[in-house]
1. How many residues, within segment 322-363, are within 22 Å of SER399 (Cβ to Cβ) and either in a helix (DSSP H, G or I) or among the aliphatic types (A, V, I, L, M) (or both)?
2. Return the total of residues in segment 64-78 being open to solvent by 10 Å² or more (accessible area, probe 1.4 Å), among the β-branched types (Val, Ile, Thr) and out of contact with any helix residue (DSSP H, G or I) (no Cβ under 8 Å at 6 or more places or on another chain).
3. Those residues that are assigned to a loop (DSSP other than H, G, I, E, B), touching a residue at least 40 places away in the same chain (Cβ under 8 Å) and farther than 18 Å from ASN518 by Cβ, I need them from segment 364-391; list them, please.
4. Any residue in segment 232-255 that's under 20 Å from LEU202 (Cα atoms) and in a loop (DSSP other than H, G, I, E, B): show its pairings with residues that are at pLDDT 80 or above and basic (Lys, Arg) at Cβ separation under 8 Å, as long as the two are six or more apart or on different chains.
5. Any idea which of LYS588, LYS556, LYS550, LYS509 is within 30 Å of VAL85 (Cα to Cα) and either assigned to a loop (DSSP other than H, G, I, E, B) or open to solvent by 30 Å² or more (accessible area, probe 1.4 Å) (or both)?
6. Looking at SER269, SER318, which is the one that is modelled with pLDDT of 85 or more, open to solvent by less than 20 Å² (accessible area, probe 1.4 Å), touching a strand residue (DSSP E or B) at 6+ places or on another chain (Cβ under 9 Å) and among the hydroxyl-bearing types (Ser, Thr, Tyr)?
7. I'd like the residue in segment 168-197 that is over 18 Å from VAL268 (Cβ atoms) and among the hydroxyl-bearing types (Ser, Thr, Tyr) and, out of all such residues, is most open to solvent (accessible area, probe 1.4 Å).
8. Using beta carbons and a limit of 8 Å, which pairs, at least six apart or on different chains, have the first residue in segment 460-478 and at pLDDT below 90 and aromatic (Phe, Trp, Tyr) and the second one part of a helix (DSSP H, G or I) and open to solvent by less than 20 Å² (accessible area, probe 1.4 Å)?
Amino acid sequence: MTEDTQVLQDYILEKIKKQNLFESLSIKEIKSTVTRFEEIHILTGELAFRKGERYHKGIYFLLNGEIVLSRPNSNIEVSCFNCPVGLSTFLGKTMYTMNAVAKSDCDLLFIHELCIYRLMELSDDFRSKLIKDIQVRLTQLDNSSNAFLMQSIYQTVSGVMSSPVISIQTGKSVVEAANLMTEHKISSLLVVNRKQIIKGILTVTNLTRNFLSSLNDNLHKQEVENYMDIEPVMFPPEFPVVEALNELQIAGKTHGIVMQNGKPAGIVSIHNIALMLLENSHLYCAHIDNMTSFDELKEAFSQIYIAAKNLATSSRVSREELTALSSIHRAIHRKAFQLTSDNFRAEKGFKLSDYSYCYLLLGAGARREMDLRPQINNAFILADDVTEMAEQLFREFASRYHENLVNIGYYPHNSDDDVMTVNMVLKYSSWIEAVDGWASKSNKADNKYAFAMLLDLAALEGDIMLAWSLRNYIIKKAADRPAILTTLIKQSPAIKIPVSQFGSFIVDKDGEHAGMINLKTQSLSYIINITRLLSIYAGITDMSTVERIKHLERKKIIPEEIATQAVIAFDTITETLINEQINQSINKQKVTSYISPASLSLFYQEKLKRALQFATIYTSYGSKLLNEI
């Protein structure tokens, strides 16, 4: 869906003017304000948006036809004629909680949220009617999206607020305010008068929506009080972050003030709360550490999709969801390791901690990019002084541990290469020999790719220095022999992104996955692999794909535009994958990396196509760069 500035045609203006929300606005006002939109025609049975899809950043206005809002496995249905669609999600800006299906052929006008905010600013009547319509729609849908976080979480706003509070006096200009925000690297300022009495709060959002949106008109009135929020949300220090997030979303605010004894103690933002909840996702599964059986871990694994659903609702950036989900998976892995170790010690009299070793997570687990269908991809490094008998017992333990992970619900690695937990128990010197072999020009083995894969390793138990020593050796080896990266590129499979040159999806034609594409193997893996190789080339030690891309851009390895689009593509594909896996889990289906593009709304089909097409551009760019080494 394009976001180019356009001019509404007269026939659309006539139709939109007849809708209740626009009655008080003149044709001229609508035409000058609604400058970012898309005309959409959908056929009977097609989706405007699907339950679980991310907010499309605007509102759909139905001009002709009928849209039915429905929720799967629910009796709730709302028919829409000549009215807006997607109101409740406009309020929360998270995920759609209903399917919007065309009951007949429909003409819709999608208006970007920036234009909606301008209309709200322009007309009090539009604002009040929109708020009322949202309240009515929420009641119709029995919406509970604002209660998306698990009630067991209790953290206070004092733990996530930024302090001390930076303020600016009334009468100061927005330019001074912007400079102050830049200086302190913050996104809001408290606005006070000369007596230090709070008059409001000024945020980056306020500047964008209220000042910059009508820049020419506002240049003669730059005082901060013209653009501040005069009714900021306030919290006591002990107020729960879950409830604070709820209050801010209901109020449509991005920031709140933490007050203690009548004075401002800090500023809390939706962004900081969301990051805290995501980065400390162990709060979702703190009970895992207290589990005493594999059956409990199996149950915890089966419920991860619920945490994923809650995280998807609270975050607009899917890579943060992957970080949070990875923390949950790691907690399960760690507890399974402990239980296996205890049982193995009781049975064999063998105590792992008597020896120097390191248990590694490889691949997505190391990058903190585990979704709802992670494969088992682990390894062990043993110190060279470990005896042969102990080494054999480590192998036996690894086999037992692998079996326990499979029983919990994790998928065995499906590679034909010997990248299985039981086969990846080696002494440190043997690992070095293997790396030297994979890096050798004379080595034509298929598992040469393991050289690059070992950049993605993280220590979960044992001596972390063994892990870092091996990883640093790999980076040094690549620096000494960069041609290995060229060889790896040549040995990589040909790029087959599932979008044709004419812009249509290329799906499986028959079999179990007919009409589907695999988002992991046909798109994400290309971005991850080329980023990994470029990172080895640049000597970058960042773990996550996105952080690697950003670091590559900082080191001038890839241009800023390429880096930005690569991150957008990664986020879009990841978002689509997680949403589909959540839906598969809810519907008791097998969780896979496959998705049917036809099941997506037209908005998301176009969004996914753009991401897949850029994955091709990015991979080709990286491959060319490495081939020129």
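1. Our first condition is that a residue be within 22 Å of SER399 (Cβ to Cβ); within segment 322-363, this holds for 329-330, 332-363.
The next check asks that each one be either in a helix (DSSP H, G or I) or among the aliphatic types (A, V, I, L, M) (or both); those that pass are 329-330, 332-348, 352-354, 360-362.
Adding up the residues that qualify gives 25.
2. In the first step, residues of segment 64-78 are kept if they are open to solvent by 10 Å² or more (accessible area, probe 1.4 Å); the result is 64-66, 68, 70-78.
Of the ones still in play, those that are also among the β-branched types (Val, Ile, Thr) are 68, 76, 78.
Keeping just the survivors that are out of contact with any helix residue (DSSP H, G or I) (no Cβ under 8 Å at 6 or more places or on another chain) gives 68.
Within segment 64-78, residues that are open to solvent by 10 Å² or more (accessible area, probe 1.4 Å), among the β-branched types (Val, Ile, Thr) and out of contact with any helix residue (DSSP H, G or I) (no Cβ under 8 Å at 6 or more places or on another chain) number 1.
3. ARG368, ILE376, ALA383, ASP384, VAL386
4. If the second residue must be at pLDDT 80 or above and basic (Lys, Arg), the pairs left are PRO232/LYS253.
5. Numbers: LYS556 fails: within 30 Å of VAL85 (Cα to Cα); LYS550 fails: within 30 Å of VAL85 (Cα to Cα); LYS509 fails: within 30 Å of VAL85 (Cα to Cα).
Testing whether each residue is within 30 Å of VAL85 (Cα to Cα) and either assigned to a loop (DSSP other than H, G, I, E, B) or open to solvent by 30 Å² or more (accessible area, probe 1.4 Å) (or both) leaves just LYS588.
6. Working: SER318 fails: modelled with pLDDT of 85 or more.
One residue alone meets the criteria, SER269.
7. Of everything passing the filter in segment 168-197, THR182 is most open to solvent (accessible area, probe 1.4 Å).
8. Partner pairs satisfying both residue conditions: TYR473/VAL435.
The values are calculated or read from the model by the stated rules, or taken from the named source; none is laboratory data. What you see is a predicted model; the values in this text were computed from it and never measured. A quick note on method: Cβ atoms are made from the backbone with ideal geometry, for glycine too, and the neighbour counts reach across all protein chains shown. These accessible areas exclude ligands, DNA and RNA; they are computed on the full protein's heavy atoms, side chains included. Shrake-Rupley method; radii C 1.70, N 1.55, O 1.52, S 1.80 Å.
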